[in-house]
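Trainee: The following block contains the structure, expressed as structure tokens.
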Amino acid sequence: MRKKELEIPGLNEKLLAGMHFLEAGMNGNRNSIVNRLRQPAMEKFRQSGFPSPKNEEWRFTPIESSLKKISRLSFDSRVLSSETEAFIASLEPSDAYKVIVVNSRPVFFSTPDNAGVELMSISDAQKKIPLVIEKHYGKYLSFENETFSAINTALSKDGIVLHIKDNITLDKPLHIIYAHDNHEEGNFCCSRILVVLEEGAKASITETHIALSTHFSLSNIGAEIKVSANARVDYYLVQHLAAGRHNLQNEESQQRSFSFGSGSTEASIIDNRQVSLDKDSYCNFTTVTLSGQLVRNNLNVQFDGTNGESHLYGLYLPSGNELFDNHTLVDHATPSSFSKEFYKGIISGNGKGVFNGKILVRKDAQKTNAYQNNKNLLLSDEAHVNAKPQLEIFADDVKCTHGATTGQLDQDALFYLQARGIGKNEAKKMLTVAFAADMLSQILHEPLHQQLERWIEEKLSQP
């Protein structure tokens, strides 16, 4: 048995008790794949423990202090105030189907008009579309080598399933809003999402994560996205946990602010996602991280068929004492696939950014074309970033490039703007927004694009 990397006294027992609690309340779903995976996933976690700083994958992101703050497991949601519901409902994009998830529990679904589109909770899906769940749940997001995926598989009570049948295009974007309800200090919850696009299906999906207070919480998200042959998904993941800084326009068109959240938060997320691409499929995935105490994103894409295409874009803006860590793996397991990856970081204050991107080209993946780039902008002397682009190639007929740069604002450009009467702070903001602009241009959904522009300008205006 492998030696455990890191143990937190009492936490393992708490997680195990949580799993037994879930197993006891399955109500007819005891034999479903969701429940059958709990025990082996928990056993894998018990063997490995939590990742320590000695783990290369976690070297720049210490997790121990966050784990020690966990005091309770959260499986249910509380009743939201009408003010909170109004705020959540106001989040863009407005012209979209909406799902609202509080901690791990879906509390609202708008029903798509499309025939051939199934959108429901995982608990309902186990009864209504059991064959879809049996075929796809736990098939892509492996818990063998990732501790938090193992915990998520063992402790997820519920989540979301989007299943789109052959050659169906979702007629409006789907907006999934995760409200992390950390109303008590030390909440830990696990949530799951399964997206299955059958052959030729198409969908645009946005996930927005917000927090409902400044208390510490740790949310462990697990997501599986299956893109079948000739299918396409445009996916936007927005993490903005200090939600209280936003305004909502009321019926009299007057702006009013919400008090939950004060611009700083201890809400944290660990997010594990696996995308599986079949023949001739297409994936466009953009991750924007604006606020949160600690955000760790593991985004893995695997080509399981020839002629697939993936585009991964990322923008992260840690400030204060925030730490945002993006780990990506693009696994070219089949021939003639194309991948492009471009991440940018804007780091200020005592913020810390991490980018670790790996392109893996397997032996049989001839004619692979892969591109990766990471650029970082440091806005203070204390800002810090660790960038680690990686190429691992076992085929010989490929085209692969990667690179990373880190720098500060162009002093000549800053001087040019100031010479034309623009104040120094405004000039810095203009140049920083311009640095982020080409990343935002990848967002095809215009209401979301506009919302992100507003949020980024708010973030950059903070002292």
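Trainee: Accessible area per residue, 1.4 Å probe, Å², for the chain: what's the number?
Mentor: Result: 41 Å² per residue.
Trainee: In the chain, carbon and sulfur make up what percent of the accessible area (probe 1.4 Å)?
Mentor: Within the chain, the accessible surface is 48 percent carbon and sulfur.
Trainee: Once you have the Cα-Cα distance between Lys367 and Phe21, take 0.36 nm times their residue separation minus that, and quote the gain in nm to one decimal.
Mentor: Full-extension gain reported as 119.6 nm.
Trainee: Go from 0 up to the bin containing the longest alpha carbon distance in the stretch 4-143, width 10 Å each, and give me the % of pairs per bin.
Mentor: 9, 27, 32, 27, 6, 0
Trainee: Over the chain, what portion of Cα pair distances is larger than 42 Å, expressed as a whole percent?
Mentor: 12 percent
Trainee: Now a separate question. Normalising by the residue count of the stretch 1-145, find the relative contact order in percent from Cα pairs under 8 Å and 6+ residues apart.
Mentor: With pairs under 8 Å counted, the relative contact order is 26 percent.
Trainee: Helix-only estimate, please: 222 nm mean residue ellipticity of the chain, summing -39500 (n - 2.57) across DSSP H runs of length 4 or more and dividing by its residues, to the nearest 500.
Mentor: Taking each H run of at least 4 residues, the total per residue is -7000 deg cm²/dmol.
Trainee: A follow-up question, please. Among Val132, Leu431, Leu174, pick out the residue whose Cα is farthest towards the positive end of the charge dipole of the chain, where Lys and Arg carry +1 and Asp and Glu carry -1 on C-beta, about the Cα centre.
Mentor: It is Val132.
Trainee: Given 10 °C and 1.306 mPa s, how large is the Stokes-Einstein diffusion coefficient of the stretch 301-366 in µm²/s, with Rh as the Kirkwood radius over Cα pairs?
Mentor: Using the Kirkwood radius from Cα pairs, D works out to 121 µm²/s.
Trainee: Here is a further query. Rule-of-thumb check for the stretch 263-355: C-alpha Rg over 2.2 N^0.38 Å?
Mentor: 1.22
Trainee: Can you pull the semi-axes for the stretch 118-161, root of five times each eigenvalue of the Cα gyration tensor, sorted largest first, whole Å?
Mentor: Calculated on Cα positions only, the semi-axes equal 21, 11, 7 Å.
Trainee: Among His20, Ser52, Ala89, whose Cα projects farthest towards the positive end of the dipole of the stretch 4-146, with charges put on the beta-carbon of Lys, Arg (+1) and Asp, Glu (-1)?
Mentor: His20
Trainee: Can you give me the pair-distance distribution of the stretch 104-221, C-alpha pairs, 5 Å bins, whole percents?
Mentor: Calculated over all Cα pairs of the stretch 104-221, the distribution is 2, 10, 19, 21, 20, 14, 9, 4, 1, 0 percent.
Trainee: A further question on this structure: Using alpha-carbon pairs under 8 Å, 6+ residues apart, how would you state the relative contact order of the chain in percent?
Mentor: Worked out over the chain, it gives 10 percent.
The values are calculated or read from the model by the stated rules, or taken from the named source; none is laboratory data. Treat the numbers as computed from the prediction; the structure is a model and nothing was measured. Cβ: placed from backbone, ideal geometry, glycine included. Neighbour counts: every protein chain shown. The area values use the complete protein model at the heavy-atom level, side chains included, leaving out ligands, DNA and RNA. Shrake-Rupley method; radii C 1.70, N 1.55, O 1.52, S 1.80 Å.
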